[in-house]
Each structure stands twice: as C-alpha cells, then as structure tokens.
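The values are calculated or read from the model by the stated rules, or taken from the named source; none is laboratory data. The structure presented is a predicted model; accordingly, all values stated were derived computationally and were not measured. We place every Cβ from the backbone using ideal geometry, glycine too, and count neighbours over all the protein chains shown. Each accessible area value is taken on the protein alone, full model and side chains, heavy atoms only, with ligands, DNA and RNA left out. Shrake-Rupley method; radii C 1.70, N 1.55, O 1.52, S 1.80 Å.
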Amino acid sequence: MADTATPNVIRRADYAPPAFLIDTVALEFDLIPERTVVRNTMRVRRNPDASHAANFELMGEQLEFVGATIDGAPFAHAHAHEHGLTLDNVPDNFELTLTSICNPAENTTLSGLYVSGGNFFTQCEAEGFRRITYFLDRPDVMATFTVTLRASKADYPVLLSNGNLLEEGDLPDGRHFARWEDPFRKPSYLFALVAGKLVALEERVKSGSGKEKLLQVWVEPHDLDKTRHAMDSLINSIRWDESRFGLELDLDRFMIVAVSDFNMGAMENKGLNIFNTKYVLANPETATDTDFANIEAVVGHEYFHNWTGNRVTCRDWFQLSLKEGLTVFRDQEFSADMAGGATDEAARATKRIEDVRVLRQMQFAEDAGPMAHPVRPESYVEINNFYTMTVYEKGSEVVRMYQTLFGRDGFRKGMDLYFKRHDGQAVTCDDFRHALADANGRDLAQFERWYSQAGTPRVSVRTKYDAAQQRYSVTLTQGYGDAAPAARETQKGPLLIPFAIGLIGKDGHDLPLQLEGEARVSDSTTRVLEFTQTEQTFTFVNVAQEPLPSLLRNFSAPVIVEYDYSADQLAFLLAHDSDPFNRWEAGQRLATRELLTLAGRATTGVPLQLDDSVVAAFARVLTDETLSPSFRELALMLPSEAYLAEQMAESNPAAVHAARQFVRKRLANALRKDWLAVYEKHRTPGAYEATPEASGHRALKNLALSYLAELDDPAEAVRLASAQYDAANNMTDRSAALSALLNASAANGGSVEAQQALDDFYRRFEKEPLVIDKWFALQATQRGSAQRPVIEIVRRLMAHPAFNLKNPNRARSLIFSFCAANPAQFHAEDGSGYAFWAEQVIALDAINPQVAARLARSLELWRRFTPTLRDGMRAALEKVASQVKSRDVREIVEKALA
Ligand code: TRP
Ligand code: ZN
C-alpha cells in the first residue's frame, strides 16, 4: 500500500535505542520575544546498548544555529539542516555546547517557546523541545536539567522552571536572572519554563512523611480570585495519591501556571504543570458545575502524571497510553472517590456513566472510521494526531479491566511492583502488563490483544433457562462486526473480556449466583466472568426462577453488548437493577431503540409516534424521589444526536434531530406538570454551594427547564428562564437559562427575551475570556430553523471584534462547537457547513497545525453518511487536501480519503 512507500510514516517495529545518551543538560535563556538566545551545554556519551554511529544527529526545528563547542573548543563540523544538526565524527564522551536563536513572538503553533499575553511559556510534549534547542528529543533519553533564565525584570518579574529554585538576582541594564535545578532525570518533553507578570496563590502543606511542600497556582493578577478551587483540587490530589497508591510528592515545590493560549487541556511538566486557563480558573459567577468538576479532574490528572508518566515514562510515543490510559484511569477513580468515597456506589456511578458516555460517543466513533488504531498504535505520521480518545479513554478502560479482574488490592499490588521495577525508567505497555501479571500470579499473554487490536468488540449474548434442572446458561460470542478497514487489519483473535453479570428475579431483587462446578453460592450477586474464547457458555445452577440478566455491569469492558431485551424488560431493569450503571443503561437502550425507529420513519415522511409505555418509563424516573437528582438527570437525558446518527446504517443528522426533537417535545408536553414540579423542588436558593449534592439539584432543575422550553407553548418556560437568568448567582444557572431562552425561541426565528439575555451576558462578562467563550459556544450550538440557519449566525460572529482565530479556546468555542457539536445545522443539505469547515481548516493550518488537525477530524466519518451529504463532504475534504501544508492536517485528510 501507499503507506509503505511514504517515507514519513513512523513505525513501532522500527524502534531502535538512541546512539548517544545525554546525562546532564544546562540551559541558559536570554529571553527576548523576537530573538531568544539559548545556550545548551550537554554531557554526552555513546550508548553502550546501541550500534555505533560516527555522527551525532540532533533534532531541531525553526532554529537559527549560532555555533558549537566540544569540550570547550569550537567545533567546525556541525551542519544545521531543516530537521536538525549533524555533528561529524564526535568523540565517545564529551561536553557539547550549542547556541541557537528562536522567535517566540512569531510562534503561533503554541509548540516550543511562545509568547501569550506578553508572557513566555513552553509546550514540549510531544516534540516541541526541538523548537527550543537542538536535542535528542525522544522520551528514552533522560537527563537532569539545570536552567538559567535571564530577562527584563520590569517585563518579566517572575521566572520559573522545573524543580527547585537555586538562586536569583539582578543583572545590569534592568535585567535579572533565576537558576532552577530539577533533581530528577527526565525526558525533554517534560521541560518547561514560564516568564512574565504573574501572581500566585500559595499554600504550604505537609506530605505523608511529614515534609513541607510549597504549592503555587500562578495566574495573571486579575485572575487571582479564581484560583481557590484549583488549589483545593491539588491538595486533594496529593492526599488521594498517598492514600490510594502510597505515592508521595517528590519535590519541595509544586507549581501550576495558567495560560490562555494552549492547544490542549494541560501539561504535566515536572514540578511546573502548565494549564489551559479553562482548567484552572473558576468562581461561581464565571464557571459552571461542569467546569468545577473538569478542573478537579484535570488538576488530578496532571498531578498523577508525576508518578505515572514522569517517574516512570514512555520508551517511545507508541507507548503513549502507558502514561495516558493509566493516568486517565487514576483521575477517573479520583473523581469517583471525591464524589462518593469508596462505597457510595450510586454517587460513583454518576461519574462512571459520564465517562462511558464520552467513550461510546467519541471513542467508538473513532474506532469506526479511518483513524481507527489500537491503544498502542503501530504507525503514525504526526504523533500529535495520536493524542486520541483511543489512547486516553479506551486506554483507561484497559487499565480498569486489570482492576476488575484482580480487585482493588490486586491492582495496587501490580502498581507497587511496576514502580519497584521501573522507577526512573522509560518503559513499554508490556512492562506494565507484566508487572500486573506477576504481582497477581497470572499469565496475561492474551490480554495483550487489548493493546494491539483496533475496533470495538461486540459481544452477543444468548440465554436459556431450564426450569426442570434449574439451570440458566449464558452463551457469549465475541467478534468485531463489520469494522472499519483500518481496524480489521489488526484483529487476530479473541480477547480476555471481564464480563460482569447479575441475574434479577421477578421481584426485582438480585438472585444468588452459583456457577456449575462450584461448591457454594458466591458472596456477591455480581460475577465477573472471564470470557476468553470466541464462543463460551457459562451455566448458573440452582436458579429457582427464570431470571432477567443484567449484562456487563458497571460497563466492565469497552465492548458493545447485543441482547434482545423487550421494551418491558428494559423498563423493568430501569426500575430495578441493583447496578446503577445498568439501570441508566436500560433507559438509554430503550430510548435509543425508539429514537432509531423514529429516525428511520422521519426519512420516509411517515408521521411520528411514541409509545405510551416509553413515556411511562421516563415518568417513573422523573417522579422517583428515592433516586439521586444527578442520576435522574443522566437517565432523563436522551442519547446525543451524534451517538444516534452513528448507530444508523447511514447517518442522517436531520432525521436524528427530527426524531430526538419529537421525543423531547412529546416528553415535555406529556409530563409538563412533573417537569414543573421537579423544577420547583430542586431549586437551590441561598448562597452557591459547590457540593456534588447541590450540583445534582441544579443539573436536574436545569434539565427540567430545557424540557419545558420544548413545550408547544413555551411562554411559561420563557418566563421561568428569564427570571432564572436575572436572579442567578452562579454560571450554571445563568448559562442554562440563556440556553433555554435561545432554544425556546428557535422555532420562531428568535425572541426579544433571548436577544436581551445574550446582550446582557456579553456586557456582564466582557472582561472574562472564558465566559465569552461560552457566549460564542451557546450561539454556535443553538437550534436553528429554516428562516434562521445557524451558519449565518456563526459567520456573523466570525467578524465579531472578540473573535480571534489564533486563540485555540476561542476558535473551539465558535468553529468547533458548530462543526462538531451542532450536527443538524452543520450537516445542512446545501453543503454550507462543509464549505465553512474547509475554509477554517485551511486558515488554521497556516496558524496552528495541531488545532487545524483536530478540526479536520470532524469530517472523517463521511463515508457513513447518506449519499447526498457524502458527496459534499468528499468535495470539502478534497479541497482541503489540495491546499493544506502541515503534516498534521495532511495525515487526517489523506486517511479520510484513502
Ligand atoms: N500530556 C498532556 C496530558 O496531560 C497532553 C498534552 C498537553 C499535549 N499539551 C499537549 C499533547 C500538546 C500534545 C501536544 O494529557
Ligand atoms: Zn495526560
């Protein structure tokens, strides 16, 4: 295939150890926005475990080479080229000093050293360090770093880098310096520096062994009032990693810095985490409950990387999930423990449901398209394109399966062994699996397939009850269905699937479980079956009545379960399953099935109908005050349009939208009184509280408001929403009210109330960029109508003075929100959405290839759409393919068109 002919493809099979090792690095920066001089002194030696190379090849990009010395003497045989620097015939062991110049002011890629808001920041993962200095910029080269920063004291009063501050002082001409030392060896992708006008919230805490630690959250001065929650999240993360995994903070000082221009969420640089402001800044007026929860999760995630990623790092970038899948798993468990402790299963389930919803909507879709890849990819063109849902979220599910198989204690033993063996090393996913296997006395050879096979496994289930013998047999079959070609190539054999199951009796209670051949009944009414063959039958004995199976409890493996439940059975599970996840799941299955039937009808023009029994099932959840508000909110939220479209033989966003809107209106009108009652009952008067309980009440109340906005006569909802908007003392309620006003008026082409609220929102928060992002996003994701297509609103907003394509958060708030979160409007039949998409991908490609490539991905599933849409999508992809320059976007569109 073309693949092998393309020299730009990097393959896992080609891994070779580096020819040289770098033990120490001393960096000196003279920070000037347009012309920063970097002096880099390295201790270099040949790698005894690599084959001999006469020349020393260093990576470098966008650098102006100034000069080289070896052991203090000028070295003439250094040749700078487009990808780096070649030093001819170097000695075996030497000190190398390289001097180069870069231009942070003009760096719009936000990779390497760049300027944002007048301050300096770095982003080195994955391959940004080579844009700062020449280096062996690969994660298996680990060195200790000393960093000296010099800059104007007036313009850059704060100078930060990794580790501990050794020294600081003044220099001539109004300049000053700071010298930092990181005592731990690290790969270059964990290097960071920050310089500028920043202030910090500080806190001193004692770690488990009694050592005092200095914690700082650095922000621009006007944001200091939004740092408390990030600091609390950091303190909670430190405590949690000690208590759950026995892992202590290893530095005297730990810093978080917020920056508004950032490509991703945050970055785990050793001792100096750099964050997108979106995942740091919060107070009740500016941030929603979801923002608060995301901040806790991301602060935790980056902090947990200190052990899973930094102390033990990746040998090469194919192993990315070694740190990301594991760290996502850890942050998910942290959030669940914060919400529900170890034992409140209902509260933990809320987090689990939210995580699974993301996995199924985003990762399953990725697995079904041209970018499908295993958790440990085999090849890539641009590594930045592989920071994916599969590596992160499916990777986390793979880690979770070890815990499901071995229990919390067994998992902990495996983690302990992993650190004992590999602390200070750059290792592979196999090393992690071996540690888990050895600590638990298990052979996990088959489990390796979870790392090497792409695509979403399907498990179909057949059951048989033998009343005379009181036996209940469950036959499981695994396969991949008609997987995407990219996934099919990787599939070799059956997986080890931990399949959690329970059996439910006629009274709604769990039945005792005893498998054939076992002497007695198990302690638990949930069993984890180890399903290892293509087809396998598990037989339960002494089953006194025909049960209803509760399958894949707590979503014990990242698979699709196929089982023919009747609508009545699903309603029964929704009412009774003791597993909160499956209770939610039953409602989703019920809704999905109805919605897909309706979407099919919508394409043929047959009038739509919804069965009363479905309305009744939802009514029971809505009015059941024994269920937690947050669970009810999740259970009453219909599957997303994107998820539903993905389930159709041919995705038809307009039909899905029509079906989902029909059901929402039906539920709104049929249950109007109940929605109103819930709205009133779950108000949270008084001062804002950020607790999970209070946020559950707000979530349910605001869901009720959004349903009320669907009423045939929305006047009442508009009154409620306007009042809520005006009275709100927090962003959760204010933005929910604004959204309800926008959607209530969509069918009539907009309303005075909606416009007034939008204008008020802008004026009120003009100085809060993160809130203005919400203002753009709310408009980009609003419902449209024939008279008022959203594309026109979006195009108008592109010209708004506050819009800025160079700021990724702002670009995402308007462009990505429209292209990826408003399917019914984006996929307009006239192709207007696709033309807009192509323009923006091309424009972004010239500014920031990483961000452009993310946007490019919103058309990758084009082959799965209805024929009319497909043609328009292909044309847009071809247009982009003919014009883009970056490797990042090229890989995406070429794979999509292949
Ligand atoms: N390692 C980061 C994380 O915590 C991801 C990340 C941040 C990143 N910035 C990046 C990856 C820039 C690639 C490019 O998940
Ligand atoms: Zn991470």
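Starting from the coordinates of the alpha-carbon atoms of segment 229-322, obtain the Kirkwood hydrodynamic radius over all distinct pairs and give the value in Å to one decimal.
Working: mean 1/r = 0.0721 Å⁻¹.
13.9 Å is the Kirkwood radius here.
At 1.4 Å probe size, put 338, 415, 59, 648 in order of accessible surface, largest to smallest. All intermediate terms of the calculation are to be shown ahead of the outcome.
Values: 338 75, 415 0, 59 50, 648 30 Å².
Largest accessible area first, the list is 338, 59, 648, 415.
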Exercise. Can you give the three extents of the C-alpha atoms in segment 415-550 along their principal axes, from longest to shortest, in whole Å?
Worked result: 58, 39, 25
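Roughly how many debye, to the nearest 20, is the charge dipole of the chain about its Cα centre, given +1 on each Lys and Arg Cβ, -1 on each Asp and Glu Cβ, and no other charges?
Working: 98 positive and 122 negative charges, 175 e Å.
Dipole size: approximately 840 debye.
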Exercise. How fast does segment 253-392 diffuse by Stokes-Einstein, in µm²/s, taking the Kirkwood radius from C-alpha pairs at 20 °C and 1.002 mPa s?
Worked result: 132 µm²/s
Seminar exercise, completed: Most packed first (mean Cβ within 10 Å per residue), the peptides 677-688, 656-667 order as 656-667, 677-688
Exercise. Rounded to a whole number of µm²/s, how large is the Stokes-Einstein D of the chain at 10 °C and 1.306 mPa s, given Rh as the Kirkwood radius over C-alpha pairs?
Worked result: 54 µm²/s
For this session: Give the accessible surface of segment 622-726 per residue, rounded to a whole number of Å², with probe radius 1.4 Å and ligands, DNA and RNA excluded.
Result: 41 Å²
For this session: Kindly provide the Kirkwood hydrodynamic radius of segment 653-793 in Å, to one decimal, from all pairs of distinct alpha carbon atoms.
Result: 15.6 Å
Seminar exercise, completed: Inter-part gap, Cα centre of segment 305-336 to Cα centre of segment 232-298, in whole angstrom, is 15 Å
Seminar exercise, completed: The answer for the net charge of residues other than residue 555 whose Cβ lies under 14 angstrom from its Cβ, with Lys and Arg +1 and Asp and Glu -1, is +2
For this session: Measure off, as a whole percent, the carbon and sulfur share of the 1.4 Å-probe accessible area of the chain, all protein chains present.
Result: 50 percent
Seminar exercise, completed: Counting only protein heavy atoms and leaving out ligands, DNA and RNA, the solvent-accessible surface of residue 515 at a 1.4 Å probe, in Å² to the nearest 10, equals 20 Å²
Exercise. Based only on Cα atoms, what Rg/Rh ratio does segment 353-439 have, Rh being taken as Kirkwood's radius?
Worked result: 1.02
Seminar exercise, completed: Phi-derived 3J(HN,Hα) across segment 237-245 with the Karplus relation (6.51, -1.76, 1.60, θ = phi - 60°), rounded Hz, x for Gly and Pro, is 5, 4, 4, 5, 5, 5, 7, 7, 10
Seminar exercise, completed: Between the alpha carbon centres of segment 420-477 and segment 629-643 the gap in Å comes to 30 Å
Exercise. When the Karplus curve 6.51 cos²θ - 1.76 cosθ + 1.60 is applied with θ = phi - 60°, which whole-Hz ³J(HN,Hα) does each residue of segment 534-545 get, with x for Gly and Pro?
Worked result: 4, 9, 8, 10, 10, 10, 8, 10, 6, 8, 6, 9
Exercise. Any idea what log10 I(q)/I(0) is at q = 0.19, 0.21, 0.22, 0.25 Å⁻¹ for segment 607-703, Debye with uniform C-alpha scatterers and no solvent?
Worked result: -0.96, -1.08, -1.13, -1.29
For this session: Arrange the peptides 516-527, 287-298 so that the one whose residues have, on average, the most other Cβ atoms within 10 Å appears first.
Result: 287-298, 516-527
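Please report the orientation-averaged projected area of segment 544-679, defined via the convex hull of its C-alpha atoms, in nm². Mind dumping the intermediate values first?
Values: hull surface 37.5 nm².
Approximately 9.4 nm², given one-decimal rounding.
Per-residue counts of other Cβ atoms within 10 Å, averaged by peptide: what ranking do you get for 268-281, 378-391, highest first?
268-281, 378-391
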Exercise. With no solvent and one point on each alpha carbon, what is the Debye value of log10 I(q)/I(0) for segment 580-649 at q = 0.15, 0.16, 0.25 Å⁻¹?
Worked result: -0.54, -0.60, -1.17
Exercise. Which Cα, out of 406, 622, 129, lies furthest along the positive dipole direction of the chain (beta carbon charges, K/R +1, D/E -1)?
Worked result: 622
Exercise. What is the distance in Å between the Cα centres of segment 138-204 and segment 534-557?
Worked result: 57 Å
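Per residue, what accessible area does segment 216-263 have, given a 1.4 Å probe and all protein chains present, in Å²? Before the final figure, lay out the partial values.
Working: 1470 Å² over 48 residues.
That works out to 31 Å² per residue.
Within the set of other residues whose C-beta is less than 15 Å from the C-beta of residue 243, count the net charge using Lys and Arg as +1 and Asp and Glu as -1. Could the numbers behind the result be given before it?
Numbers: positive: 206, 239, 244, 330, 408, 412; negative: 241, 242, 248, 333, 337, 409, 416.
Here the charged neighbours net out to -1.
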Seminar exercise, completed: Probe 1.4 Å, heavy atoms of protein chains only: per residue, the accessible area of segment 265-306 in Å² is 19 Å²
Exercise. Which value results for Rg/Rh of segment 28-117 when Rg is the Cα radius of gyration and Rh the Kirkwood radius based on the inverse mean 1/r?
Worked result: 1.02
